[in-house]
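Peer 1: Dropping the structure in here first, questions after.
The values are calculated or read from the model by the stated rules, or taken from the named source; none is laboratory data. The model shown is predicted, which means the values in this text are computed figures rather than measured ones. Every residue, glycine as well, gets a Cβ built from its backbone with ideal geometry; the counts of neighbours run over all protein chains shown.
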Amino acid sequence: MRELVTAALQMGPIQRAEPRAAVVARMIALLDRAAAAGARLAVFPELALTTFFPRWYMADAAEIDAWFETEMPGPETQPLFQRARDHGVAITFGYAERTLAGQRFNTSILTDRQGAILGKYRKVHLPGHADFDPARAFQHLEKRYFLPGDLGFPVWRTEAGLQGMCICNDRRWPETYRVMGLQGVEMITLGFNTPAVNSQNAAEGPGDRLFHHRLSVQAGAYQNATWVVAVAKAGVEDGHPLIGGTMIVDPNGHVVAESRTEADEVLIHACDLDLCAFGKSTIFDFARHRRPEHYGAITAQTGVVLPGAAQ
Ligand code: CDV
């Protein structure tokens, strides 16, 4: 048995005017609760330090940059790292990253239990659009504010086992999980900000949104025999509702813990990483059963090519 006591730390809404220091104080309070419950890994949501700002159209570079971190840890996030180090808890959280060269990414980092950054992931599958879209009920401008991630889907050998990360929309894409599955991943952590209504289809409400979320995460876990810890930023941010649905899913695809609120909430589960071995050595023993000679289209093309269409 290789138990990793894991805390999924759902965050309630962060309003546009809420300063970073207040958000970090909330994160520290959640971390304290996680540590008191014995957690050794604490997972926070996507863009955990701010409101989900891609819902706002901005043209001014300085206004955009105000949402981004240029160093990690920086002066405002240092207390979170210090508290994690004091507790001996590894943390992972998402934030908007601006590099020295001025590139902007939707990023998450993973630390070790001493508070040192072990890994960085930059969101690959950016949803939404780059320009103001008057046809939508609200904007989703991730393609305006972020570049697609350039780091792939790495897996890190941590003190506990083999860990990887992805972010929000990535969880809907089977390629995300499989690339990490092919590196033997035993736990994938991810944060999300999922609007409770589809901005292009008012009929797709929170019921469907939660259904698609669970379907994607449970399938990814099962088909790759890995734990998946999916953590929401939830509730109503500046009038815009986000789903909850924070959950911990085992390597058989079962939900072992799920949030009940859309507020700051702590879920704890002792995840036995050895549970991954059965699926990985039987029905999803990739070395024995995969047929990559038939999967070429997955990397050769992006969109659909209809049968008989000229190449
Ligand atoms: N932050 C996200 O990536 N949100 C998307 C929405 C736009 C569908 C998601 O996959 O939840």
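Peer 1: Pairs only if they're at least six apart or on different chains, beta carbon under 7 angstrom, first in segment 10-32 and in contact (Cβ under 8 Å) with a residue 60 or more places away in the chain, second of a type in the set (Asp, Glu) and in a loop (DSSP other than H, G, I, E, B); list them, first residue then second.
Peer 2: Filtered contacts from segment 10-32: Gln10/Asp264; Met11/Asp264; Gly12/Glu262; Gly12/Asp264; Gln15/Asp238; Arg16/Asp238; Arg26/Asp264; Leu30/Asp264.
Peer 1: Ok, one more. Residue under question is Gly119, and the condition is that it be under 17 Å from the mean Cα position of the chain (by Cα), small (Gly, Ala, Ser) and more than 23 Å from Gly245 (Cβ to Cβ); does it hold?
Peer 2: yes
Peer 1: Right, something else. Can you find, within segment 99-116, the residue that is nearest to Val229 (Cα to Cα) among those that are in contact with a helix residue (DSSP H, G or I) (Cβ under 9 Å, 6 or more places away or on another chain) and not in a loop (DSSP other than H, G, I, E, B)?
Peer 2: Applying the filter and picking the extreme gives Thr111.
Peer 1: Checking Leu242 against (1) under 30 Å from Asp32 (Cα atoms); (2) more than 15 Å from the ligand (Cβ to nearest atom); (3) in contact (Cβ under 8 Å) with a residue 60 or more places away in the chain, which test does it fail?
Peer 2: Result: Leu242 passes all but (2).
Peer 1: Assess whether Ala263 counts as being under 23 Å from Leu47 (Cα atoms), in contact with a Leu (Cβ under 6 Å, 6 or more places away or on another chain) and not in a helix (DSSP H, G or I).
Peer 2: The answer is no for Ala263.
Peer 1: Can you tell me which residue in segment 125-142 is farthest from the ligand (Cβ to nearest atom), limited to those that are out of contact with any Lys or Arg (no Cβ under 9 Å at 6 or more places or on another chain) and among the small types (Gly, Ala, Ser)?
Peer 2: Ala135
Peer 1: Could you look through segment 168-178, keep only residues that are near the ligand (Cβ under 7 Å from one of its atoms) and in contact with a Lys or Arg (Cβ under 9 Å, 6 or more places away or on another chain), and pick out the one that is farthest from Thr111 (Cα to Cα)?
Peer 2: Only one residue fits best here, namely Asn169.
Peer 1: Within segment 49-98, how many residues turn out to be assigned to a strand (DSSP E or B) and buried (at least 20 other Cβ atoms within 10 Å of the Cβ)? Full working, then the answer.
Peer 2: So the first thing to find is which residues in segment 49-98 are assigned to a strand (DSSP E or B), and the list is 69, 90-98.
Then drop every residue that is not buried (at least 20 other Cβ atoms within 10 Å of the Cβ), which leaves 90-97.
Number of matching residues: 8.
Peer 1: Here's another thing I want to ask about it. For segment 176-188, which residues satisfy the criterion of being in a strand (DSSP E or B) and under 24 Å from Thr299 (Cα atoms)?
Peer 2: Once the filter is applied, which keeps residues that are in a strand (DSSP E or B) and under 24 Å from Thr299 (Cα atoms), segment 176-188 yields only Ile188.
Peer 1: Tell me, which residue of segment 26-48 that is surrounded by fewer than 24 Cβ atoms within 10 Å (Cβ to Cβ) and assigned to a loop (DSSP other than H, G, I, E, B) is farthest from the ligand (Cβ to nearest atom)?
Peer 2: So, considering only residues that are surrounded by fewer than 24 Cβ atoms within 10 Å (Cβ to Cβ) and assigned to a loop (DSSP other than H, G, I, E, B), the one farthest from the ligand (Cβ to nearest atom) is Gly38.
Peer 1: Output the residue which, of all residues in segment 255-278 that are surrounded by fewer than 20 Cβ atoms within 10 Å (Cβ to Cβ) and touching a helix residue (DSSP H, G or I) at 6+ places or on another chain (Cβ under 8 Å), is farthest from Pro19 (Cα to Cα).
Peer 2: That would be Val255.
Peer 1: Additional query: Residue by residue through segment 143-158, note down the ones that are basic (Lys, Arg) and either within 14 Å of the ligand (Cβ to nearest atom) or within 14 Å of Phe53 (Cβ to Cβ) (or both).
Peer 2: Lys143, Arg144
Peer 1: Please find, within segment 189-233, the residue that is nearest to the ligand (Cβ to nearest atom) out of those that are part of a loop (DSSP other than H, G, I, E, B) and touching a Pro at 6+ places or on another chain (Cβ under 9 Å).
Peer 2: Checking each candidate, the answer is Asn193.
Peer 1: Okay, next question. What are the residue pairs meeting all of these: first residue in segment 265-281, first residue modelled with pLDDT of 95 or more, second residue aromatic (Phe, Trp, Tyr), Cβ atoms under 6 Å, and 6 or more apart or on different chains?
Peer 2: Cys271/Trp227
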